[in-house]
Amino acid sequence: MPGKQGGYLILKIRLLNGRLFNHRLSKHPDALYTAEQGKILSALWANEPQSAKELSKVTGLATSSLSLMLKRLEDQGLIVSKTSFEDKRRKDYCVTPQGAQQQAVGDAVSREVSSVFYQGFSNQEIREFEGYLERILQNLERELEDDKREKP
């Protein structure tokens, strides 16, 4: 098998892509959140309400970090918490109207970063590249599921 640097390259791309997104978001005049907070907002824009446990799983953020970030987002008026209907001990989180408006900011910054990401690629090359990434993702997800089933 040649090279085998895919994992390293993906890690490096993720790091640089994140830095560029952070930089562009911090320069956007209407941005009211940080890129780290954007992970939470993105999860809520896609599906709400969600509990802290669900958000931790979706975003990959540790619960200790997540708790502080949720509090800050609430203080900023971008999200609101309410007692869960299913479990009165649990809090569910939703975006506020102001938080929902911030999705346009995130989308604009994402489009900027994507144009840099795919600079010099044809539409065909983009489709092929994303197809390869999908296959890698499926391989990893399948292997992780297999590993979980094998665990006693």
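Coordinate-derived values only; no laboratory data. The shown structure was predicted, so the numbers you read here are calculated from the model rather than taken from an experiment. A quick note on method: Cβ atoms are made from the backbone with ideal geometry, for glycine too, and the neighbour counts reach across all protein chains shown.
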Quiz prompt | Charge dipole magnitude, Cβ of K and R +1, D and E -1 - the chain, Cα centre, debye nearest 20 | solution = 460 debye
Practice problem: Collect residues whose amide H, placed 1.01 Å from N in the peptide plane, falls under 5 Å from the amide H of residue 50; neighbours closer than 5 in sequence don't count. | Solution: 93
Quiz prompt | Unit charges at the beta carbon, dipole of the chain: most positive-side option, 115, 46, 31 | solution = 31
Quiz item: Looking at (i) 53, 51, 24; (ii) 84, 37, 36; (iii) 68, 44, 24, which value of Cα extents along the principal axes in Å comes from a calculation on the structure shown?
Solution: (i)
Quiz item: Hey, if you put +1 on the Cβ of every Lys and Arg and -1 on every Asp and Glu Cβ in the stretch 1-133, which of 61, 106, 79 ends up farthest toward the positive end of that dipole?
Solution: 61
Exercise. Beyond 23 Å between alpha-carbons counts as too far, so tell me which of 53/148; 53/88; 71/148; 12/39; 57/88 fall in that bin.
Key: 71/148
